[in-house]
Amino acid sequence: MPTDPYAWLEHSLATIHRADWYRSVQPINGRPGATVVLAGQEVINFASNDYLGLAGDERLMAAATAAIAEFGTGSTGSRLLSGHRDLHRGLEEAIASTKQTEDALVFSSGYLANLGTITALVGKRDLILSDQYNHSSLKNGAILSGAVFVEYPHCDIAVLKTQLSQQRQNYRRCLILTDTVFSMDGDLCPLPALLAIADEFNCMLLVDEAHATGVLGKTGAGCVEHFGCTGKQLIQVGTLSKALGSLGGYVAGSNALIDFLRNRAPTWIYTTGLSPADTAAALAAIKIVQQEPQRRAQLWQNVHHLKNLLQELPNLKLLASESPILCFQLSSATDALKAGNQLRDAGIFAPAIRPPTVPTSRIRISLMATHKATHIKKLVAVLKDVNYSEFY
Ligand SMILES: *Cc1c(COP(=O)(O)O)cnc(C)c1O
């Protein structure tokens with residue numbers, strides 16, 4: 001009989017190492033931006049979710065420090081007890097206005113927004129249908145809810161329809177879950193078709209706009225706006241921590257939905273309200289997204305510029321993308337790690353993404369509005385030199 005109940009941890013870690021799945025943190029010094037100092041080395045940053053370059057913007061920093069001066073550092077309690085400030089309401093109104101929904105609710109993170117919303121909306125008598133490539137927070141929210149959880153093949157509307165025809169009538173409520181921009185691939189969900197199918201089978205539809213808010217759509221409202229679906233009945237979740245450069249999450253939708261979540265979402269009710277600094281920074285970011293469309297235009301110009309240059313490198317297996325996220329597929333986790341290290345040695349920070357995050361290993365590049373043409377040119381030059389055998 002073994003005596004150490006924790007001994008399995010070392011064995012499990014050894015297995016993770018053997019598969020080249022082991023991961024560790026890397027320190028970045030200074031403010032976030034198009035270039036950063038990573039473990040002492042200056043690199044061009046293609047690993048950030050800060051699409052509009054707002055996380056290091058003076059105006060967000062000023063808003064955050066002003067909020068600290070006025071309200072202190074912590075919100076001291078849950079929103080329903082001592083943690084609510086007018087600042088929170090101001091942010092929620094700004095989100096609802098951007099999304100053109102009746103109301104919105106901010107959570108402490110996008111992850112918690114998904115967990116709380118899904119668990120509030122469905123339970124044991126209900127069915128969840130979820131894209132197989134959805135973010136971890138959607139999957140874990142689905143599992144935690146206790147609903148019957150079925151995945152459909154990535155963006156496969158035909159299979160989704162078959163599953164609904166066969167199973168919908170056996171359940172009380174049905175909730176369809178999807179990322180709008182798939183975070184590890186860069187492609188978009190077929191939103192109009194999903195809305196039609198949700199309508200046909202009397203299902204709720206929750207879309208995760210984490211990588212779309214501030215990035216897609218004429219006003220930066222996201223993929224819903226991009227597809228001309230503004231105003232449709234659906235549940236929009238997102239984060240304040242990507243293009244908005246702060247920390248926190250949100251849900252936007254009808255008055256009834258938001259009112260219900262304030263009464264039933266455990267990850268909102270039983271956690272401390274968003275800090276004044278994070279709230280104020282996110283609010284400042286939303287104003288900038290509205291007032292400076294040229295930032296978004298520059299981001300998309302960078303995306304098109306890189307895609308054009310990549311045509312010179314037909315050997316790279318680029319996954320289909322309609323966003324600032326571009327991925328090159330590699331044959332194994334080991335090859336992905338090698339390619340990632342070669343890029344980094346050449347001054348390019350573009351990490352290897354490996355299982356279990358994704359089914360197949362890849363190098364993931366995310367573009368920012370603040371990347372210069374010289375940064376993109378250098379990326380392509382380095383990609384040209386990387387040992388091609390590493391890539392597919
Ligand atoms: C990043 C991300 C989240 C989590 O948001 P946080 O605010 O970082 O917790 C949720 N969903 C998707 C699709 C994401 O990419």
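Values quoted throughout were computed directly from the atomic coordinates according to the rules given, and no laboratory measurement underlies them. Note that this is a predicted model, so its numbers are computed, not measured. Reconstructed Cβ throughout: ideal geometry from the backbone, glycine too, with neighbour counts over all protein chains shown.
With R₀ set to 22 Å, the beta-carbon distance separating Glu70 from Asn255 gives a calculated FRET efficiency near 0.15.
Using a Förster distance of 30 angstrom, determine the FRET efficiency expected from the C-beta separation of Lys384 and Asn29, and round it to 0.05. E(calc), rounded to 0.05, equals 0.55.
Panel note: the C-alpha atoms of segment 38-122, placed on their principal axes, show extents of 45, 36, 26 Å (largest first). The calculated FRET efficiency for Gln301 paired with Thr219, based on their beta-carbon distance and R0 = 25 Å, is about 0.90.
Would you mind calculating the relative contact order of segment 264-392 from Cα pairs under 8 angstrom and at least 6 residues apart, reporting the percent as a whole number?
Numbers: 145 pairs, mean separation 36.1, N = 129.
Taking the mean separation of contacting Cα pairs over the length of segment 264-392, I get 28 percent.
Dipole of segment 59-291 computed with +1 at Lys/Arg Cβ and -1 at Asp/Glu Cβ about the Cα centre; of Gln167, Ile197, Phe71, farthest Cα towards the positive end is Phe71.
Averaging the sequence gap over all C-alpha pairs within less than 8 Å and six or more residues apart, then dividing by the number of residues, gives segment 169-266 a relative contact order of 21 percent.
Binning the C-alpha pair distances of the chain at 20 Å intervals from 0 yields a P(r) profile of 26, 56, 17, 0 %, listed from the shortest bin outward. Relative contact order for the chain: 22 percent, from Cα pairs under 8 Å spaced at least 6 residues apart, divided by residue count.
By the Cβ distance rule of under 4.7 Å, the chain has these cysteines without a partner: Cys155, Cys189, Cys223, Cys229, Cys327. Note on segment 59-291: along the principal axes its Cα atoms extend 57, 36, 29 Å, ordered by decreasing extent.
As a proxy for reagent exposure, ranking Lys242, Lys377 by other Cβ atoms within 10 Å from fewest up yields Lys377, Lys242.
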